[in-house]
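Participant: Before we start, here is the structure in question, set down as structure tokens.
Only the coordinates and a few stated rules stand behind these numbers; no lab work does. Being a predicted model, the structure only gives us computed values, none of them experimental. For neighbour counting, all protein chains shown are included, and Cβ atoms are generated from backbone atoms with ideal geometry for every residue, glycine included.
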Amino acid sequence: MRSMPDWVRFLPSPTPPQFADPGKLVIERLTTLRPARRIDVPTWAEESRRLSTSSYQGLWRNDFAPYMTEPSRMVTSRKYGAVVFVGPARTAKSESLVLNTVGHRVECQPSDMLIVCQTKDSAQQFSEQKLAPMLRANKHLAQAQLSGRGADNIHKKRFEGNMNLLIGWPVIGYFSQNEYPIVIVTDRDRMTDDVDGEGDPFTLARKRTQHAGSLGMVVEESSPGRLIERDDWKPSTPHEAPPCSGILGDYNLGTRGAFYWTCPSCNEPFRPEFDLLQWETKASPGESAKTVEMICPNGCCIPPQAKFECNKAGIWLHETNGGKDVCEIDDPNIRDSEIVSYRCEGPIAAMQSWEQLVLRYLEAKDKFDSSGDDTALKATINLDQGKAYLPVVRSIGESVSEDTLRALAERFPLRIVPAEARFLTIQIDVQINRFVVHVDAWGEGLERWLIDRFDISQPPETAPGGERDEKGNARRAIDPARYFEDWADLPAMLHKSYPIEGSEFSLMPVAMIIDSAGRPGVTPNAYRFLRKMKREGLGQRVFLAKGSPRLDDRARHVEPEKVLQQKGRKISDIKLVFVGTNKLKDEVILAVTRKEAGPGKYHLSEHLPAQVFAEMTAETRTEKGWERRKSGAANEAFDLSVYGKALVIILKGEKIDWGNPQSVPHWARPANENSFAVRQQPGGVASQNAELIHPAPVRRRRVLSQGIR
């Protein structure tokens, strides 16, 4: 046997392996051995959850938002497999249904859990700005969080009791393979309706909890965010929600609960909805909002300060089988469904006053009335009021017909500027064999009159084939795509003046906008034309339009590659007016169907050519946007009306403070001060190349050549 080398004797003795301490293991895993606490979510929150905000320090109080007690109690229900809650912002729905449920699971019933937020960024914000502060404010929850590797990531957190909390977003990776006893879908209507082609988030979430049987639960909450799909919808049951995709569609699948108050005066139950709020019309939205009160269906007045007590005494009532009556949650006649669903409106929201509700509505309504932009109106109806939105233009329905517009047409002369108008614009559509031209007159509040419509169908005499015969006809029709020379007559329209009714002055157009799309050849010729106008000093008065139904903005003046994402084809010397056609077509239809004169009204003359009325009604509004009523129908007048509004937006016409004369730009002032006003020719005839009465001011040693201040 070989002897051990001497050097081995000098090596340190090997350390015996560290075995796990059985006592510590038992202590660490006691939470998994401990039976679940049989306590519901709102009871746990009132006993255990602390809030730490700038305005409140202390335990959670269910009476702060009492309408959330029953929905959050249903999260631990063994009868239902899903809770759906639809309500406005500021109702504490995410605090009650999401954060309280997380805390309850950590302390009372540890199990795997998935929270699905709208996007990856919103998932990170939820983790950092909602969940993390709750854990910091509740030490017993923070102590339950494990400290090992991977236990405290942004999108994954591990707690005692073998609980894994995932915070994800709507991608199929979170909705496949893994099983969860509980899945929470938050802010549902800001998500896609089809997750990677596999289905909607609510259906996929329910599939992930199916293995847990009666212990499985899906919680879905959101404010409405989808459009009403049927214009003629009327509810067929007491609580049926409008036909919408997203969470309102899921609500209709469930028990259809609605929150009821009891009137303090007549003791009759009713639903406290926004439509029951009334206010006096004062000089400003702020003054009007201060007068708000609620009128119950029997006519009793309920002041704002009664909201808290009415909420405390309120109850949820659900539909019964057959949909003819309503009942409480424990009634055996409740609508037969695996989903318990709830819906309420803005007046009950604990963190939003009636005054705020009305103020935001009136401000959004004023913005819509003045500009036709319903973005703010839709937002306040969805988020503040908690209601689905039906675009105003769709409420007009099929009544927008040629006959309707003819009946609304007025008796005013063409080619005469109304006395109320302040400036003119020109819109030009490029067709195969002609330019179609509209001239609009604009007044205070952007009231508009269509004062001229004509076609340019013959090429200039100087263009190839433009020579005239003895009858004055050219040898060919105009061809804007093939001949750049055919664009030569357009600049002259910037110098043409139109007489103002009852005045010694005429007005020249401020600017023109030309459609840059069409047959192959139109776009390069349009770009070439714009470059030529810039060289001639008219670049501030000539714009090119590019329609885009998918554009979020109504109008944007930028380089083409910034919108079309054609970085390899950069065109740095050209800017286009990208037009959000769907939004602006909504505005145009509302403007031409407004019966009263005033801000935003679009006046059409009964002397206009017949095709104008046909072209204005050639399209119909669908859920996807504006579409032709029939293939090939001409819509030039509709498009030109849209381009005119886009041009005024780019000129910042919507920002003019008409009540402050000194702030009104020179091109929009009365004729005797207007930088585009000219003296009328003898007989009041419109003139060409007339001399300006008040030329645009000199700025920075550069004269704006008949330009815009």
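Participant: Ordered by packing density, taken as the mean number of other Cβ atoms within 10 Å over each peptide's residues, highest first, how do 503-513, 56-66 rank?
Facilitator: Highest mean packing first, the order is 503-513, 56-66.
Participant: So if I restrict to the alpha-carbon atoms in segment 398-509, what is the Rg, and what is Dmax, the biggest pairwise distance, in Å?
Facilitator: Both quantities, over Cα of segment 398-509: 17.1, 49 Å.
Participant: Right, another one. Take peptides 97-106, 431-440 and line them up by average Cβ neighbours within 10 Å, highest first, as a rough protection proxy.
Facilitator: Highest to lowest by the protection proxy: 97-106, 431-440.
Participant: Shifting gears a bit: Could you tell me how many degrees, from 0 to 90 and to the nearest 10, lie between the Cα long axis of helix 354-371 and the main elongation axis, the longest principal axis, of the Cα atoms of the chain?
Facilitator: Compared with the principal axis, the helix lies near 30 degrees.
Participant: Any chance you could give the angle, 0 to 90 degrees and rounded to 10, that helix 522-535 forms with the longest Cα principal axis of the chain?
Facilitator: Once rounded, one gets 70 degrees.
Participant: Rounded to whole Å and sorted largest first, list the principal axis extents of the Cα atoms in segment 114-196.
Facilitator: 38, 26, 20
Participant: Kindly put Lys207, Lys471, Lys496, Lys583 in sequence by how many other C-beta atoms sit within 10 Å of each C-beta, fewest to most.
Facilitator: Placing the least packed residue first, the sequence is Lys471, Lys207, Lys496, Lys583.
Participant: Let me ask something else. Just want the ordering: Glu587, Glu293, Glu309, from fewest to most Cβ atoms lying within 10 Å of their own Cβ.
Facilitator: So the ranking, lowest neighbour count to highest, is Glu309, Glu293, Glu587.
Participant: Additional query: Can you give the % of DSSP beta bridges in the chain that are antiparallel, to the nearest 5?
Facilitator: Taking every DSSP beta bridge with both residues in the chain, the antiparallel ones total about 55 percent.
Participant: Let me ask something additional. Quick check on segment 402-662: take the gyration tensor over C-alpha atoms, sort the square-rooted eigenvalues as a ≥ b ≥ c, and tell me if it's rounded (a/c under 1.5), prolate or oblate.
Facilitator: Note, shape of segment 402-662 comes out rounded.
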